[in-house]
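The structure appears below as structure tokens.
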Amino acid sequence: MRQFDLQYPTCPVRNILGRIGDKWSLLVLCSLQENGVMRYKELMNAIPDISHKVISSTLKHLEEDHLISRKAYAEIPPRVEYALTETGKSLMPAVQMMIDWAQKHFEEVTK
């Protein structure tokens, strides 16, 4: 296994986990993986305890990191759709492994 200097500012592990390690990013990514293309309101409904401010910020950061795409339609009312990019899709097997592990060890870890 390759070792990374976790103290070094350009460490890939440290930087990627810092971008997706919060619960909201993972929940948005998982919702898009499960449902495909989703609109803002659909994402809000899929994650009912997230605030408008937090989901907007999370979507913006995930788009900046090329994990999701945002497509705006010139309609009234405006329509915006979100989907996983190829990069986002490539992340999902690792996320699914973490989900499987969490479900298996939840009781043990949260005692």
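The values are calculated or read from the model by the stated rules, or taken from the named source; none is laboratory data. Keep in mind that this is a model prediction, so the values were computed, not measured. As a convention, Cβ positions derive from the backbone with ideal geometry for all residues, glycine included, and neighbour counts pool all protein chains shown.
Inspect segment 46-55 for any residue being of a type in the set (S, T, N, Q), closer than 18 Å to Leu32 by Cβ and surrounded by 10 or more Cβ atoms within 10 Å (Cβ to Cβ) and give the result as yes or no.
Quick first cut of segment 46-55, residues of a type in the set (S, T, N, Q) only: 51.
Still in the list and also closer than 18 Å to Leu32 by Cβ: none.
No, segment 46-55 contains no residue that is of a type in the set (S, T, N, Q), closer than 18 Å to Leu32 by Cβ and surrounded by 10 or more Cβ atoms within 10 Å (Cβ to Cβ).
If you go through segment 100-110 one residue at a time, do you hit one that is hydrophobic (A, V, I, L, M, F, W, C) and in contact with a helix residue (DSSP H, G or I) (Cβ under 6 Å, 6 or more places away or on another chain)?
No, segment 100-110 contains no residue that is hydrophobic (A, V, I, L, M, F, W, C) and in contact with a helix residue (DSSP H, G or I) (Cβ under 6 Å, 6 or more places away or on another chain).
When the residues of segment 70-89 are filtered to those that are over 12 Å from the mean Cα position of the chain (by Cα) and of a type in the set (Gly, Ala, Ser), which remaining residue is modelled with the lowest pLDDT?
Taking segment 70-89 as the starting set, the residues that turn out to be over 12 Å from the mean Cα position of the chain (by Cα) are 70-81, 86.
Adding the requirement that they be of a type in the set (Gly, Ala, Ser) leaves 72, 74.
Numbers: Ala72: 95, Ala74: 91.
So, considering only residues that are over 12 Å from the mean Cα position of the chain (by Cα) and of a type in the set (Gly, Ala, Ser), the one modelled with the lowest pLDDT is Ala74.
Taking the options Thr85, Thr110, name whichever one is surrounded by 11 or more Cβ atoms within 10 Å (Cβ to Cβ) and free of Cβ contacts under 8 Å to residues at least 24 places away in the same chain.
Thr85
Where in segment 31-111 are the helices (runs of 4 or more DSSP H), entirely inside, with at least 1 residues that are within 26 Å of Pro12 (Cα to Cα)? Even if it seems obvious, please write down each step before you answer.
Working: elements: 40-46, 52-64, 86-109.
Answer list for segment 31-111: 52-64, 86-109.
Go through segment 33-79 and give me each residue that's in contact with a strand residue (DSSP E or B) (Cβ under 8 Å, 6 or more places away or on another chain) and among the hydroxyl-bearing types (Ser, Thr, Tyr).
First pass over segment 33-79, keeping only residues in contact with a strand residue (DSSP E or B) (Cβ under 8 Å, 6 or more places away or on another chain): 33, 36-40, 43, 46, 59, 62-63, 67-73, 78-79.
Result: Tyr40, Ser69, Tyr73.
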